[in-house]
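Step one of this worksheet: look at the structure below.
Values in this text are rule-based calculations from the coordinates and carry no lab data. Just so we're clear, the structure is a prediction, and the values are computed from it rather than from any experiment. Neighbour counts run over all protein chains shown; Cβ positions are idealised from the backbone, glycine included.
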Amino acid sequence: MDGEDVQINPSQGVASAYAEKGAKQHQEDAWCLFCSPNRELVLSAIFDGHGGLNGRVASMKCRKLSWEFFNEKWKEAITWSEEQWKTEMTNLFDHLHTNIRKCFVELERAAREKSSHRTDNIVDDKGVVRKSTGYPMHGGTTATIAILIDTPERRQVVCANVGDSDALILPLDQKSFPSVKKNYIHLSIDHGPDSADEFLRIKSLPEKDYPNKLIFVYDKSNVYRKYECPRVFLTSGSKDPEYVKNPWGNDLRPTNVRYDPAVYAVSPPGIREDVTCIAMTRSLGDFYAHQFGLTWRPDVSVRKLDPDHEYLICVGSDGIWDCWKFEDFSDFATSAFNTYPKDIFKACKHVVNSTVERAKALFGARSFDDASACFAFLAKSKKG
């Protein structure tokens, strides 16, 4: 998918996507676009895989299944209530998660048959896909899905996500967000080890089902075992003030241009198999980490949109977001869109290519990440 692009309804400038491969062996990002024939539903989605080839398998499977879901259900989807959206998106994410497991099982079965190993113990009683050695198959993907609904009865954006592939709504005029002083609104919820909500979610899991739980740590250099790194949260759920006040003096490292400290969810001491070190607390796949509290369940939100204003919805992998402060991204993306007002593809491609150049300068030509983005444009309502 290096440089892969697409635009739907190009004459109307509805939506577009563009992707550039990073320095890793595989392009692990995947995007998905869908536009209903009457343009009343537009889907933009990013799946940021991790785990090498397994991550690519996971993200591409989610891309295919998401397109099939909305192609089949778009007519009824435009009438769904907020509660129906939450139910349907939860069911979709369950479907995606389950099918990633099926993909991993197929990969492992083929590998075992080639090497004449037994194939009756690929999935254990916890749902973990295991290699013939007993070690788990690693890999999974984030999932961020944004759906624009624009009918005479309703005008809204729905967002469902797990992980850290952000979705932003950007105003194309200064009065779009009268009650918000920022030039963007986050649609997605960041499910990372710096989230107090996620810390408390995992802390509250029943001990009988989760005797070993993920612990949230700062990434600190010169620490051999990740679980020995400093904890992000106190037992109360508030961040440790020592590291909040002086992160760099405590030898923490930044993970992006916003200088957020790098954090991980890791398996606790005493775990010898299925050792986990992951940068998110919700994902699709990563079955070995789910036994410690990782979950596939998405956050789902529904936001009404003003019919008298125009919006740009931007969904991207963290290869995009690590390179920008969100307010700067909003200025740059809306400027690009206004530069190419009749060609959203050129605007999307320009933003992705510019971000890749920033990433190479910031992180080095040998370590920059895959970068993928979907842009969707919502014009002023024509009714009335």
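Listing for the model above:
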item	result
Highest to lowest packing among 14-25, 310-321, 149-160, 285-296, scored as the average C-beta count within 10 Å	310-321, 285-296, 14-25, 149-160
Relative contact order computed over the range 192-279 (Cα-Cα under 8 Å; 6+ residues apart), in percent	33
At least 20 Å along the helix axis (C-alpha) and Kyte average at least -0.5, DSSP helices within the chain	344-363
Theoretical gain in end-to-end length, residue 173 to residue 110 [0.36 nm per residue, Cα-Cα removed]	17.3 nm
Separation between Cα centres of the range 86-154 and the range 307-337, rounded to whole Å	30
Gyration tensor over alpha-carbon atoms, the range 146-304, equivalent ellipsoid semi-axes in Å	33, 21, 13
Those trypsin sites (Lys or Arg not before Pro) in the range 285-384 that DSSP places in a loop and that have at most 16 other beta carbons within 10 Å	325, 342, 366, 380, 382, 383
The chain - percent relative contact order, Cα under 8 Å, separation 6 or more	24
Lysines whose Cα lies under 25 Å from that of residue 75, excluding same-chain neighbours fewer than 8 positions away	61, 64, 86, 304, 380, 382, 383
Cross-link reach list, lysines versus residue 349, counting only Cα pairs under 21 Å and skipping chain neighbours closer than eight places	21, 24, 325, 360
For Rg and Dmax of the Cα atoms in Å, calculated from these coordinates, the label among [x] 53.8, 180; [y] 23.0, 85; [z] 21.0, 69	[z]
Cα-derived Rg to Rh of the range 3-118, Kirkwood definition	1.05
Relative contact order computed over the range 17-172 (Cα-Cα under 8 Å; 6+ residues apart), in percent	26
Ellipsoid equivalent to the range 192-279 - semi-axes via the Cα gyration tensor, in Å	22, 16, 11
